[in-house]
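Quick notes on the structure that follows.
The values are calculated or read from the model by the stated rules, or taken from the named source; none is laboratory data. Since the structure is predicted, the reported quantities are computational estimates derived from the model, not experimental observations. A quick note on method: Cβ atoms are made from the backbone with ideal geometry, for glycine too, and the neighbour counts reach across all protein chains shown.
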Amino acid sequence: MTVRPEGAGGGRRDHHYHCTVTLESACAGWGSGGANLMIKAVPRTQVRNKLYWIVLGGFAFWLPAILVSAVCAIFHEESILWLNVAPLLGLIALGLVVWIRDRKPPKWGWVLAGVYILGPAAILAAALLSGGHPPDSPVAYLIFILLCLFPPMTLYLSLMNVTFFSVLAATVAALFLILVAQIRTGAG
(Lines give C-alpha, C1' and ligand atoms only; values in the text may rest on other atoms or scores of the structure.)
Protein backbone atom coordinates (compact mmCIF):
# COMPACT_ATOMS: atom_id res chain seq x y z
CA MET A 1 0.00 0.00 0.00
CA THR A 2 1.37 3.43 -0.86
CA VAL A 3 0.24 6.38 1.23
CA ARG A 4 1.05 10.03 0.67
CA PRO A 5 1.57 11.80 4.01
CA GLU A 6 -0.46 14.91 4.76
CA GLY A 7 1.09 18.08 3.42
CA ALA A 8 3.37 16.21 1.04
CA GLY A 9 4.24 18.27 -1.97
CA GLY A 10 4.49 17.03 -5.53
CA GLY A 11 8.27 16.48 -5.31
CA ARG A 12 8.29 14.26 -2.20
CA ARG A 13 8.53 10.50 -2.35
CA ASP A 14 5.67 8.25 -1.38
CA HIS A 15 6.05 6.43 1.93
CA HIS A 16 5.29 2.73 2.18
CA TYR A 17 3.21 1.54 5.07
CA HIS A 18 2.10 -1.83 6.36
CA CYS A 19 -1.53 -1.79 7.47
CA THR A 20 -2.69 -3.64 10.53
CA VAL A 21 -6.32 -4.20 11.33
CA THR A 22 -7.48 -4.48 14.93
CA LEU A 23 -10.89 -5.05 16.39
CA GLU A 24 -11.58 -2.96 19.48
CA SER A 25 -14.50 -3.69 21.75
CA ALA A 26 -15.13 -1.37 24.64
CA CYS A 27 -17.60 -2.06 27.42
CA ALA A 28 -19.91 0.56 25.95
CA GLY A 29 -19.54 -1.02 22.50
CA TRP A 30 -20.70 -4.39 23.79
CA GLY A 31 -23.90 -2.86 25.18
CA SER A 32 -24.77 -1.23 21.88
CA GLY A 33 -23.98 -4.42 20.01
CA GLY A 34 -21.08 -2.93 18.09
CA ALA A 35 -17.34 -3.14 17.94
CA ASN A 36 -15.00 -0.58 16.43
CA LEU A 37 -12.85 -1.67 13.50
CA MET A 38 -9.62 0.28 13.47
CA ILE A 39 -7.12 0.34 10.62
CA LYS A 40 -3.72 1.67 11.58
CA ALA A 41 -0.89 2.35 9.13
CA VAL A 42 2.53 1.32 10.41
CA PRO A 43 5.64 2.42 8.50
CA ARG A 44 7.26 -0.54 6.75
CA THR A 45 10.61 0.20 8.40
CA GLN A 46 9.04 -0.43 11.82
CA VAL A 47 7.75 -3.80 10.65
CA ARG A 48 11.19 -4.69 9.26
CA ASN A 49 12.82 -3.60 12.54
CA LYS A 50 10.52 -5.88 14.55
CA LEU A 51 11.10 -8.82 12.20
CA TYR A 52 14.84 -8.17 12.42
CA TRP A 53 14.81 -8.49 16.22
CA ILE A 54 12.52 -11.55 16.11
CA VAL A 55 14.84 -13.39 13.72
CA LEU A 56 18.01 -12.23 15.45
CA GLY A 57 16.69 -13.19 18.89
CA GLY A 58 15.45 -16.57 17.72
CA PHE A 59 18.72 -17.45 16.01
CA ALA A 60 20.86 -16.13 18.89
CA PHE A 61 18.99 -18.36 21.31
CA TRP A 62 18.27 -21.50 19.31
CA LEU A 63 21.34 -21.85 17.05
CA PRO A 64 23.66 -22.68 19.99
CA ALA A 65 21.11 -25.24 21.25
CA ILE A 66 20.95 -26.87 17.82
CA LEU A 67 24.75 -26.98 17.60
CA VAL A 68 25.06 -28.50 21.09
CA SER A 69 22.44 -31.14 20.19
CA ALA A 70 24.34 -32.03 17.04
CA VAL A 71 27.69 -32.24 18.86
CA CYS A 72 26.14 -34.34 21.62
CA ALA A 73 24.74 -36.70 18.99
CA ILE A 74 28.15 -37.08 17.35
CA PHE A 75 29.84 -37.98 20.65
CA HIS A 76 26.84 -39.99 21.92
CA GLU A 77 26.66 -37.94 25.12
CA GLU A 78 23.86 -35.68 26.21
CA SER A 79 24.73 -32.66 28.29
CA ILE A 80 21.68 -31.10 29.91
CA LEU A 81 23.88 -28.36 31.34
CA TRP A 82 25.23 -27.27 27.93
CA LEU A 83 21.80 -27.56 26.30
CA ASN A 84 20.60 -24.93 28.79
CA VAL A 85 23.72 -22.76 29.04
CA ALA A 86 24.50 -22.40 25.32
CA PRO A 87 21.23 -20.61 24.38
CA LEU A 88 21.64 -18.17 27.27
CA LEU A 89 25.21 -17.48 26.17
CA GLY A 90 23.84 -16.74 22.70
CA LEU A 91 21.48 -14.13 24.12
CA ILE A 92 24.23 -12.63 26.27
CA ALA A 93 26.48 -12.41 23.19
CA LEU A 94 23.65 -10.73 21.25
CA GLY A 95 23.15 -8.20 24.03
CA LEU A 96 26.88 -7.43 24.25
CA VAL A 97 27.34 -7.06 20.49
CA VAL A 98 24.35 -4.76 20.17
CA TRP A 99 25.44 -2.71 23.19
CA ILE A 100 28.98 -2.31 21.84
CA ARG A 101 27.72 -1.45 18.35
CA ASP A 102 24.78 0.82 19.14
CA ARG A 103 25.32 1.85 22.78
CA LYS A 104 21.75 0.80 23.54
CA PRO A 105 20.19 -2.53 24.45
CA PRO A 106 18.39 -4.80 22.01
CA LYS A 107 14.61 -4.74 21.77
CA TRP A 108 14.25 -7.48 24.36
CA GLY A 109 10.51 -7.90 23.85
CA TRP A 110 10.99 -8.73 20.18
CA VAL A 111 14.03 -10.88 20.97
CA LEU A 112 11.85 -12.89 23.38
CA ALA A 113 9.17 -13.14 20.69
CA GLY A 114 11.82 -14.65 18.42
CA VAL A 115 12.67 -17.24 21.06
CA TYR A 116 9.04 -18.34 21.23
CA ILE A 117 8.20 -18.01 17.52
CA LEU A 118 11.24 -19.86 16.23
CA GLY A 119 11.31 -22.26 19.19
CA PRO A 120 9.23 -25.16 17.87
CA ALA A 121 11.04 -25.28 14.54
CA ALA A 122 14.44 -25.05 16.25
CA ILE A 123 13.63 -27.75 18.80
CA LEU A 124 12.35 -30.08 16.11
CA ALA A 125 15.43 -29.35 13.98
CA ALA A 126 17.66 -30.16 16.96
CA ALA A 127 15.77 -33.42 17.43
CA LEU A 128 16.33 -34.34 13.78
CA LEU A 129 20.05 -33.50 14.00
CA SER A 130 20.47 -35.55 17.15
CA GLY A 131 19.09 -38.73 15.60
CA GLY A 132 15.34 -38.26 15.45
CA HIS A 133 13.42 -39.43 12.42
CA PRO A 134 11.70 -37.00 10.05
CA PRO A 135 7.96 -37.27 9.45
CA ASP A 136 7.11 -40.14 7.13
CA SER A 137 3.77 -39.02 5.67
CA PRO A 138 2.20 -35.84 4.28
CA VAL A 139 -0.13 -35.66 7.30
CA ALA A 140 2.85 -35.87 9.66
CA TYR A 141 4.57 -33.07 7.72
CA LEU A 142 1.42 -30.95 8.03
CA ILE A 143 1.32 -31.53 11.78
CA PHE A 144 5.05 -30.71 11.93
CA ILE A 145 4.45 -27.36 10.18
CA LEU A 146 1.40 -26.52 12.30
CA LEU A 147 3.37 -27.20 15.49
CA CYS A 148 6.05 -24.83 14.27
CA LEU A 149 3.46 -22.07 13.81
CA PHE A 150 2.17 -22.27 17.39
CA PRO A 151 4.63 -20.38 19.67
CA PRO A 152 3.33 -21.76 23.02
CA MET A 153 4.50 -25.15 21.80
CA THR A 154 7.96 -23.85 22.62
CA LEU A 155 7.38 -24.45 26.34
CA TYR A 156 5.97 -27.93 25.79
CA LEU A 157 8.69 -29.01 23.37
CA SER A 158 11.40 -27.48 25.57
CA LEU A 159 10.29 -29.83 28.35
CA MET A 160 10.99 -32.78 26.03
CA ASN A 161 14.21 -31.23 24.78
CA VAL A 162 15.38 -30.41 28.36
CA THR A 163 15.91 -26.76 27.40
CA PHE A 164 12.96 -25.66 29.54
CA PHE A 165 15.21 -24.04 32.13
CA SER A 166 16.95 -21.86 29.54
CA VAL A 167 13.61 -20.84 27.97
CA LEU A 168 12.26 -19.96 31.42
CA ALA A 169 15.44 -18.07 32.37
CA ALA A 170 15.40 -16.15 29.07
CA THR A 171 11.75 -15.25 29.59
CA VAL A 172 12.30 -13.96 33.12
CA ALA A 173 15.49 -12.11 32.16
CA ALA A 174 13.92 -10.47 29.09
CA LEU A 175 10.86 -9.37 31.05
CA PHE A 176 13.15 -7.92 33.73
CA LEU A 177 15.22 -6.06 31.12
CA ILE A 178 12.04 -4.71 29.50
CA LEU A 179 10.89 -3.45 32.91
CA VAL A 180 14.27 -1.83 33.58
CA ALA A 181 14.18 -0.11 30.17
CA GLN A 182 10.67 1.21 30.84
CA ILE A 183 11.70 2.53 34.25
CA ARG A 184 14.74 4.26 32.75
CA THR A 185 12.76 5.91 29.95
CA GLY A 186 10.02 6.93 32.39
CA ALA A 187 12.56 8.42 34.84
CA GLY A 188 14.72 10.07 32.16
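Return a yes/no flag: does the range 156-171 have any residue that is aliphatic (A, V, I, L, M), out of contact with any His (no Cβ under 8 Å at 6 or more places or on another chain) and under 24 Å from Val47 (Cα atoms). Spell out how you get there, then give the answer.
Taking the range 156-171 and keeping what is aliphatic (A, V, I, L, M), we get 157, 159-160, 162, 167-170.
Applying the additional criterion that residues be out of contact with any His (no Cβ under 8 Å at 6 or more places or on another chain) yields 157, 159-160, 162, 167-170.
Then keep just the ones that are under 24 Å from Val47 (Cα atoms); that gives 170.
Within the range 156-171, one or more residues are aliphatic (A, V, I, L, M), out of contact with any His (no Cβ under 8 Å at 6 or more places or on another chain) and under 24 Å from Val47 (Cα atoms).
Hydrophobic (A, V, I, L, M, F, W, C) and either under 13 Å from Ala65 (Cβ atoms) or surrounded by fewer than 20 Cβ atoms within 10 Å (Cβ to Cβ) (or both), is that true of Leu112? Give the derivation first.
Details: hydrophobic (A, V, I, L, M, F, W, C): yes; either under 13 Å from Ala65 (Cβ atoms) or surrounded by fewer than 20 Cβ atoms within 10 Å (Cβ to Cβ) (or both): no.
No: the conditions fail for Leu112.
Trp82: at pLDDT 90 or above, surrounded by 16 or more Cβ atoms within 10 Å (Cβ to Cβ) and aromatic (Phe, Trp, Tyr), yes or no? Before you say what the answer is, go through the steps one by one.
Working: at pLDDT 90 or above: yes; surrounded by 16 or more Cβ atoms within 10 Å (Cβ to Cβ): yes; aromatic (Phe, Trp, Tyr): yes.
Against the criterion (at pLDDT 90 or above, surrounded by 16 or more Cβ atoms within 10 Å (Cβ to Cβ) and aromatic (Phe, Trp, Tyr)), Trp82 qualifies.
Kindly check whether there is at least one residue in the range 95-104 that is assigned to a loop (DSSP other than H, G, I, E, B) and at pLDDT 50 or above.
First pass over the range 95-104, keeping only residues assigned to a loop (DSSP other than H, G, I, E, B): 103-104.
Next, from what is left, pick out any that are at pLDDT 50 or above: 103-104.
Yes.
Filter the range 56-78 down to residues that are surrounded by fewer than 17 Cβ atoms within 10 Å (Cβ to Cβ) and either in contact with a helix residue (DSSP H, G or I) (Cβ under 6 Å, 6 or more places away or on another chain) or outside the structural domain of Ala122 (by TED's automatic domain parsing) (or both), then give me how many there are.
2
So Val139 passes all but one of these: (1) without any contact (Cβ under 8 Å) to a residue 24 or more places away in the chain; (2) not in a helix (DSSP H, G or I). Which condition number does it fail?
(2)
Run Ala169 past the list (1) in contact (Cβ under 8 Å) with a residue 12 or more places away in the chain; (2) in contact with a Phe, Trp or Tyr (Cβ under 8 Å, 6 or more places away or on another chain) and report the number of the one that doesn't hold.
(2)
Run Pro64 past the list (1) in contact with a His (Cβ under 9 Å, 6 or more places away or on another chain); (2) touching a residue at least 24 places away in the same chain (Cβ under 8 Å) and report the number of the one that doesn't hold.
Exception for Pro64: condition (1).
Applying the selection to the range 109-136, what residues are out of contact with any Ser or Thr (no Cβ under 8 Å at 6 or more places or on another chain) and not in a helix (DSSP H, G or I)?
Gly131, Gly132, His133, Pro134, Pro135, Asp136 - these are the residues of the range 109-136 that are out of contact with any Ser or Thr (no Cβ under 8 Å at 6 or more places or on another chain) and not in a helix (DSSP H, G or I).
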